[in-house]
Amino acid sequence: MRIGSQQQLIEAFHSVVRQDPDLNWSREANALSNTEGIVLNFDGRALDFVVKYRLYPGEEELDKVREGSGQPLLVVPCLNDRLLQRCKDVSLSVIDLNGQAWIRSKGVLIDRGPVKGRNYRYDLEPRNIFVGKSERIVRALLTDRDREWTQSELAERAKASSGLLSRVTQYLLKQGYVAKTGSRTFKLNEELSLLDDWVDADRMDRRTRLRRYSGIGFDSVQLEEKVESWAEGGSVKLAFTQWVAAWQRHGYTEPEICSAYVSRHPASEELERFGFREVPDAGNLRLYIPEDEGVFLEAWKPLRLPVVSDAQIYVDLQNTGLRGPEAAQALREWEGFCRP
């Protein structure tokens, strides 16, 4: 069930607390309101709470929830890991409509996952902001962590529809990833948290089609030059990533493997002409065809090669071996990271 208003949240909570399989709740028989009293009968104790309903509580909202008399219980439609951790950090009891709860009171700590069979979610919430055209918006924002954006600028940059852009940016605002800087402008607020969540959600093997090649006798620079020459001659979209791109942006470890996004794989006659052969594994050249070509929208040439954005390099270097995660971390700690 989708929840899109405060009233829906209140009514749904009143319904689900009556059917809680583990916790015995009772509440005052008063009219629906923004705050109300509720009692948790637990292990022979009666724990009194003041219910605070919030659709999208950011950090400032959490401070307001904790104000006033009584012990607050935050009720939201659907908890995510970030909000749950924030509540734990400030010892704020919280529960969502799916039954997930973290309740702290004197001598009591309850930490429960979602109740089986419930599926409450936010109305119009994007299913996954880290795939397809939604991912384009995230990638564009992370090209410049200091920039203020308007929706029209971001729509043009990401080549996304106004409807999708509105849903994604509203979600990012409500989750605290971005913050308003004016009536029509906003900027990244928690850019590294957004990047970490992108890494957690990313599945490179699902969003790309990879082929591996061997260029015997070629060093990394020769491989890069040959790939660039092939792409230019064959009208192939090209953006280097992983070790080569990290080395271009902030040299940490010299690349042993050349990796790039391309709009197509080489034909057999092209492989023969450039001295490559396809291999089932290993190899020193990896060419990825992305499911969504948005990765090419942020390709640029800081030095001698076109590379993907810093954030994309960081994401692509995870779980790679060959000191890839080390190179990613060095890039992230560099002051120029996600800055043009």
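Examine the stretch 62-71 for a residue that is closer than 22 Å to ARG127 by Cα and either among the acidic types (Asp, Glu) or touching a His at 6+ places or on another chain (Cβ under 6 Å) (or both), and state whether such a residue exists. For the stretch 62-71, residues closer than 22 Å to ARG127 by Cα and either among the acidic types (Asp, Glu) or touching a His at 6+ places or on another chain (Cβ under 6 Å) (or both): absent. Being touching a helix residue (DSSP H, G or I) at 6+ places or on another chain (Cβ under 9 Å), closer than 21 Å to TRP247 by Cβ and among the aliphatic types (A, V, I, L, M), is that true of even one residue in the stretch 210-219? Yes, there is a match, as at least one residue in the stretch 210-219 is touching a helix residue (DSSP H, G or I) at 6+ places or on another chain (Cβ under 9 Å), closer than 21 Å to TRP247 by Cβ and among the aliphatic types (A, V, I, L, M).
The residues on offer are GLN222, GLN248, and the sole one that is in contact with a Phe, Trp or Tyr (Cβ under 9 Å, 6 or more places away or on another chain), of a type outside the set (Val, Ile, Thr), outside the structural domain of LYS174 (by TED's automatic domain parsing) and modelled with pLDDT under 95 is GLN248. Restricting the stretch 264-291 to residues that are crowded, with 16+ Cβ neighbours inside 10 Å and touching a helix residue (DSSP H, G or I) at 6+ places or on another chain (Cβ under 7 Å) leaves a set whose member that is farthest from ILE216 (Cα to Cα) is PRO290.
Here no helices (runs of 4 or more DSSP H) wholly within the stretch 111-214 include at least 1 residues being modelled with pLDDT under 90 and closer than 30 Å to ARG277 by Cα. Here's a check for you: in the stretch 155-171, which residue that is closer than 25 Å to GLY4 by Cα and touching a strand residue (DSSP E or B) at 6+ places or on another chain (Cβ under 9 Å) is surrounded by the most Cβ atoms within 10 Å (Cβ to Cβ)? So the residue we want is THR169.
Scanning the stretch 152-161 for residues that are free of Cβ contacts under 8 Å to residues at least 40 places away in the same chain and either at positive phi or under 19 Å from the mean Cα position of the chain (by Cα) (or both) yields LEU154, ALA155, ALA160. In the stretch 203-221, the residues that are farther than 26 Å from VAL315 by Cβ form Cβ pairs under 8 Å with partners that are in a helix (DSSP H, G or I), at six or more places apart or across chains, as follows: PHE218/LYS226.
Kindly indicate whether LYS64 is farther than 15 Å from GLY113 by Cβ, touching a residue at least 12 places away in the same chain (Cβ under 8 Å) and among the basic types (Lys, Arg). No.
The values are calculated or read from the model by the stated rules, or taken from the named source; none is laboratory data. None of the values given here were measured: they were computed from a predicted structure. Here Cβ is always computed from backbone atoms with ideal geometry, including for glycine, and neighbour counts include all displayed protein chains.
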